[in-house]
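Here is the structure we will look at.
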Amino acid sequence: MLRTLPLTLLLFLTAHTFAQTVLDMESGNRNLDAANCWSFHSMAYTNTGNMVISGSFSARTGSFKGQPQSLVSPWVKDPLGNLTFRHRLSSADKANNRQLHVIAEEFGSGKRDTLYAFASYTPHNAMVAVDAHIGISKNGVYRIHFSFTGNGGNSRGLIDDIEIPAQYYSDPMNQCLPQNTGTDSDGDGVLDSYDDYPQDVTLAFDNNLNVTYSTLLFEDLWPGKGDYDFNDMVLDYRINRVTNASNKIVRASAHVVIRAVGASYKNGFAFQIDGLIPSKILTVEGQKLKGTLFTLASNGTESSQNAAVIPVFDDALSTIGYSGAGTGVNVDKSGASIAPDTSFLLIRFDTLGSGVSLSDFSGITFNPFIVVNQNRGREVHLVDHIPTLKMDKSLFRSQGDYSDPARGKYFRTSNNHPWAITTASSIPYMQEKNDITSGYLKFIDWAISNGTEYSDWYNNTTGAYRSIEKLY
């Protein structure tokens, strides 16, 4: 069947054949421009005198309530040249609280590149139009986000006279997707060739926190130094975060492998996602909790915490299946040996509202720790990782611990020695009663330098770095 395009659309396409995509708001009708694949998120057109930058109409935000308000261009191809537009505020009220970011989003990959960040509105210049000129040079299909942020007050963000140096490339007859760009089976805006889940509209990209297994090594006699062999608990872990087409985390999988338990203590293991409120977690599956060490909320996180704490298991010895006498399992080549145990956790996240971004659950916010011998207040974390609310903070600055919470310093000795270590890859660990410095010969230099020297202390297998006979 022959389909006829609206006259306004025909005029628009004809006017932008020469690698220029323009929006000047002079149609006065947001719906007409939306038909041409511009999208408006809490933004409208206005012809109120003090809100018009040029001509008869400009685009304005609503009142600021903390959430971004944006105008998004159609898909454009190969933007090259000067991206120009004009912007200001409608009044000086709360001017210092307003920002404008301009972001280029690549079709298919979903990658976003900030082109322009303006945070210089003041009560003195708020109503003076800023003529922005941004150089841009990209190959591929993109759309441009013009996003205002702020909170409170009465002033509105205003924008006008947008000119993008690129060919208009949206298809208004196909949900405004780019023209001739291949198959998107699930209709989420991500091409099958980029989509890790091409048949699932809720999922799009794998984002591995670590592609291969990493190792965690713990010494459980904190705040005392202990034997410093770092095999009281040895774990490997691998985490994948799966995002949707908007780059918000939908779910994460965590594989946690108990390799060795060189201790008689019954130690539990959990991790905190620093800064992420517990309600952002919908469910947790796959935990191995047999006792009462951790008390769970209905979503599987630990109750009464201000950040999401996810318990994995509450007794490493029981979880790996060892109930014999002695100091542990898989740490002495002449002693007890049991196959490693793997926990498979599936964590689902709330995708409503602002959702959970990759920066919310990253290598920086991932905060693993053990709980020593069923004493919930006695946690051992990586160096300078914050304890949970349930930590007994009276243990700081006792025995060998040199923590200084006021300065953000945790779980280190006066010489910067740690009680917990993580490595980027899976590594051998120490045999029982062998100090880690006797097996990893550059460890002490790395620790004393606070990580600035010999960052590869664990990764070099030459004789200058390792004593192989001390390793399990």
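The values are calculated or read from the model by the stated rules, or taken from the named source; none is laboratory data. What you see is a predicted model, and the numbers here were worked out from it, not measured in a lab. Positions of Cβ are generated from backbone atoms using ideal geometry, with glycine treated the same way; all protein chains shown enter the neighbour counts. Calculation scope for accessible area: heavy atoms of the full protein, side chains included, ligands and nucleic acids excluded. Shrake-Rupley method; radii C 1.70, N 1.55, O 1.52, S 1.80 Å.
Pairs of alpha-carbon atoms within less than 8 angstrom and 6+ residues apart define the contacts here; what relative contact order does the chain have, in percent? Could you put the intermediate results ahead of the total?
On the way: 1157 pairs, mean separation 59.0, N = 472.
Result for the chain is 12 percent.
Just the ratio, please: alpha-carbon radius of gyration of the range 304-358 over 2.2 N^0.38 Å, N its number of residues. Walk me through the numbers before you get to the answer.
On the way: Rg = 17.9 Å, N = 55, 2.2 N^0.38 = 10.1 Å.
Cα-based Rg divided by the globular estimate yields 1.77.
Once the chain is represented by equal point scatterers at the alpha-carbon sites, with solvent omitted, what log10 I(q)/I(0) does the Debye formula produce at q = 0.06, 0.07, 0.11, 0.12 Å⁻¹?
After summing over all Cα pairs, the log10 values are -0.39, -0.51, -0.95, -1.03.
According to a simple spin-label model (label point 7 Å from Cα along Cα-to-Cβ), what is the distance in nm between ALA117 and ARG397?
According to this spin-label approximation, the distance is 3.7 nm.
In nm, give the distance between the simple-model label positions of SER91 and MET173, each being 7 Å from the Cα along the Cα-to-Cβ direction.
The answer from the label model is 4.8 nm.
Simple spin-label model, 7 Å along Cα-to-Cβ: ASP192 to LEU296 in nm?
The answer from the label model is 3.9 nm.
Go through LYS77/LYS111; LYS288/LYS433; LYS225/LYS442; LYS225/LYS409; LYS248/LYS280 and tell me which ones have a Cα-Cα distance over 21 Å in this structure.
Beyond 21 Å between Cα atoms: LYS288/LYS433.
By accessible area of protein heavy atoms, probe 1.4 Å, what ranking do THR46, THR342 get, highest first?
Values: THR46 10, THR342 45 Å².
The most accessible residue leads, giving THR342, THR46.
Using a 1.4 angstrom probe with every protein chain in place, what is the largest-first accessible-area order of HIS41, HIS133? Working shown, then result.
Numbers: HIS41 95, HIS133 130 Å².
In descending accessible area the options line up as HIS133, HIS41.
When the chain is fully extended, how far beyond the present Cα-Cα distance does ASN450 get from ASN180, taking 0.36 nm per residue of separation? Before the final figure, lay out the partial values.
Numbers: separation 270, 0.36 × 270 = 97.20 nm, distance 5.31 nm.
The ASN450-ASN180 span can extend by a further 91.9 nm.
Solvent-accessible area of LYS77, probe 1.4 Å, all protein chains present, reported in Å² to the nearest ten, please.
Around 70 Å² of this residue is reachable by solvent.
Give me the number: length gained by fully extending ALA44 to ILE468, i.e. 0.36 nm times residue separation minus the C-alpha to C-alpha distance, one decimal in nm. Intermediate results must be reported in sequence, preceding the final value.
Working: separation 424, 0.36 × 424 = 152.64 nm, distance 6.81 nm.
So the extension gain works out to 145.8 nm.
Determine, from the Cβ-Cβ distance of ALA325 and HIS255 and an R0 of 25 Å, the FRET efficiency 1/(1 + (r/R0)^6), rounded to the nearest 0.05. Mind dumping the intermediate values first?
On the way: r = 30 Å, r/R0 = 1.21.
In this case the efficiency is close to 0.25.
Please work out how much length the chain gains when fully extended from THR423 to SER357, using 0.36 nm per residue of separation minus the C-alpha to C-alpha distance, in nm with one decimal.
Roughly 21.3 nm would be gained on extension.
Can you tell me the FRET efficiency between ASN125 and GLN374 if r is taken as the Cβ-Cβ distance and R0 is 35 Å, rounded to the nearest 0.05? Walk me through the numbers on the way to the answer.
Working: r = 61 Å, r/R0 = 1.74.
Efficiency, rounded to the nearest 0.05: 0.05.
With N set to the number of residues, divide the alpha-carbon radius of gyration of the range 212-302 by 2.2 N^0.38 Å and report two decimals. Could you put the intermediate results ahead of the total?
On the way: Rg = 15.7 Å, N = 91, 2.2 N^0.38 = 12.2 Å.
Taking N as the residue count of the range 212-302, the ratio is 1.28.
Can you tell me the accessible area per residue over the chain, all protein chains present, probe 1.4 angstrom, in square angstrom? Don't skip to the end; give the middle numbers.
Numbers: 20680 Å² over 472 residues.
Ligands and nucleic acids excluded, the result is 44 Å² per residue.
Probe radius 1.4 Å, ligands and nucleic acids ignored: give me the carbon and sulfur share of the accessible area of the range 364-472 as a rounded percent.
On the way: 2460 of 4990 Å².
Within the range 364-472, the accessible surface is 49 percent carbon and sulfur.
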